[in-house]
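Data block below; observations after.
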Amino acid sequence: MVESLSAIAFFVQAAETRSFSEAARNLGVSASAVGKSVCRLETRLGVRLLHRSTRSITLTAEGAVFLERCRRILCELESAELELSETRQAPQGRLRISLPLVGMLVMPALTAFMHRYPAIELDVDFSDRLVDVINEGFDIVMRTGEPTDSRLVSRPVGNYRLLLVAAPDYLARHGTPGVPADLGHHACLHHRFPSTGKLEPWPLAHDDATQAWTLPVSMVCNTSAALLDVAVAGLGIACLPDFLVRPAMRRGELVSVLDSHVEHQGTFRLLWASSKHLAPKLRVFIDFMSTELFKEDNAVAV
C-alpha cells in the first residue's frame, strides 16, 4: 500500500510538471527513480499512462482519467493527516456566529459550550436578518427553514411548533375559540419580523368554504419574549414557539387553543461554508450544539 501511494505521488508530479526531472526535484529523488516508479505503476495497471519523448511527457487518455482519481486520493490523504494532527490540539480561536432572536432557547447550550471550551472566543450576533454567511465572514449561523445557498452545508439541530396560547383568566373572560374564525372576536397579539417589518402569519388551517377574514391586531411587537409577557398577563392570544411557552404552560400560566387547527412544523439548522476540512473550533461547536441545544429542559416536546 505504501509503495502504491508513493507511485501515485510520483505519477501525479510527473503528469503535472510534464517532466521526470522537474518531478524529481520537487520530490527530492532522482529522475530515474520517478521514471522507474511510473513504469512499475503502468505495468501493474496494464495501461500506458504517459507518452514519453526526448523533450517532454504527455498524458494518455487513460492517464488523464487516472490523474483525476489520484489527485482526489492524495487530497483526501492530506485532509486526513491534517485532521489527525489537529485533534491533538485543544480547539481554540475566535468563532463568529449568527443566531436568531431566541435567546431563551440557545443561551443554556451556549453558556455550557463556553464552560466546556474556554479557549474558544465567541463573537455572537443575535438577529433574525438573513445574513450572508460567506460574504459577511460568519463561521456558522443558525436559522429556520430549508437552506437555499448551495455553497453552504447544513445540519438540523431540532424541530419546533408554533402554538396559539392565552392565559386561563383571559379565556374565562372572553371565551375559548373553537374554530379559527372565532379569533375575530379576540385580542390577538402579533409578532413583527424585525428584518422585513411584516407580521408573522399564524399557521391556521382555513376552510376554503368559509369567507376570508383578517385577524384583529391588539398589539404588535418585534420580540417574542415581550409577547409572552403580555399573554401571561391575560391581555390576549399570541402565536409563539413551543420552546418559549413551555415553562409558562407547565406553571398553568398559559394554555394552548385551536391545536387541531394549527399546522406548523419548523426546523432549526446550523449552516456553514462547504469545505473539505473543518477547523476544530467549528467542528466541536457543531457537534456540541447538535446534541445539547434541545436536550432535557430544551427538548421540543410540550
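The values are calculated or read from the model by the stated rules, or taken from the named source; none is laboratory data. As the structure is a computational prediction, the values presented were derived from the model and not from experiment. When we count neighbours, we look across all protein chains shown, and the Cβ atoms used for this are built from the backbone with ideal geometry, even at glycine. All accessible areas refer to the heavy atoms of the entire protein, side chains included, with ligands and DNA or RNA removed. Shrake-Rupley method; radii C 1.70, N 1.55, O 1.52, S 1.80 Å.
Brief remarks follow.
- Qualifying positions in the range 123-181 - touching a residue at least 40 places away in the same chain (Cβ under 8 Å), in a strand (DSSP E or B) and among the β-branched types (Val, Ile, Thr): ILE140, VAL141, THR144, VAL153, VAL157, VAL165
- When the range 273-294 is filtered for residues that are of a type in the set (Val, Ile, Thr) and either in contact (Cβ under 8 Å) with a residue 12 or more places away in the chain or open to solvent by less than 30 Å² (accessible area, probe 1.4 Å) (or both), the ones remaining, listed by number, are VAL284, ILE286.
- Checking each residue in the range 252-272 for being modelled with pLDDT under 95 and open to solvent by 40 Å² or more (accessible area, probe 1.4 Å) picks out ASP259, SER260, HIS261, GLU263, HIS264, GLN265.
- Matching residues, the range 31-43, being over 18 Å from GLY63 (Cβ atoms) and open to solvent by 60 Å² or more (accessible area, probe 1.4 Å): SER32
- Meets criteria (of a type in the set (Ser, Thr, Tyr) and touching a Phe, Trp or Tyr at 6+ places or on another chain (Cβ under 6 Å)) for SER98: yes
- Of the set (1) at pLDDT 80 or above; (2) open to solvent by 50 Å² or more (accessible area, probe 1.4 Å), all apply to ARG129 but (1).
- Scanning the range 225-235 for residues being surrounded by 21 or more Cβ atoms within 10 Å (Cβ to Cβ) and touching a residue at least 60 places away in the same chain (Cβ under 8 Å) gives a total of 1.
- The set of residues from the range 157-183 being touching a Phe, Trp or Tyr at 6+ places or on another chain (Cβ under 7 Å) and either open to solvent by 50 Å² or more (accessible area, probe 1.4 Å) or not hydrophobic (A, V, I, L, M, F, W, C) (or both) comprises GLY158, TYR160, ALA181.
- Odd one out for MET142, checked against (1) in contact with a helix residue (DSSP H, G or I) (Cβ under 8 Å, 6 or more places away or on another chain); (2) under 23 Å from ARG250 (Cα atoms): (2)
- Note on the range 4-16: residues that are within 14 Å of GLY63 (Cβ to Cβ) and open to solvent by less than 60 Å² (accessible area, probe 1.4 Å) amount to 8.
- Residue identified as surrounded by 15 or more Cβ atoms within 10 Å (Cβ to Cβ), under 21 Å from MET289 (Cα atoms), at pLDDT below 90 and not charged (D, E, K, R) among LEU27, LEU67, LEU101: LEU101
- Tally of residues being under 44 Å from the mean Cα position of the chain (by Cα) and more than 14 Å from ALA9 (Cβ to Cβ) across the range 26-49: 1
- Annotation: ILE57 fulfils all but one of (1) β-branched (Val, Ile, Thr); (2) free of Cβ contacts under 8 Å to residues at least 12 places away in the same chain; (3) touching a helix residue (DSSP H, G or I) at 6+ places or on another chain (Cβ under 7 Å); the unmet one is (2).
- Taken over the range 222-251, the criterion of being at pLDDT below 90 and outside any helix (DSSP H, G or I) is satisfied by ASN222, THR223.
- Total residues in the range 45-54 satisfying the condition of being without any contact (Cβ under 8 Å) to a residue 12 or more places away in the chain and either assigned to a helix (DSSP H, G or I) or open to solvent by less than 80 Å² (accessible area, probe 1.4 Å) (or both): the figure is 2.
- For THR87: the one exception among (1) modelled with pLDDT of 80 or more; (2) closer than 19 Å to THR291 by Cβ: (1)
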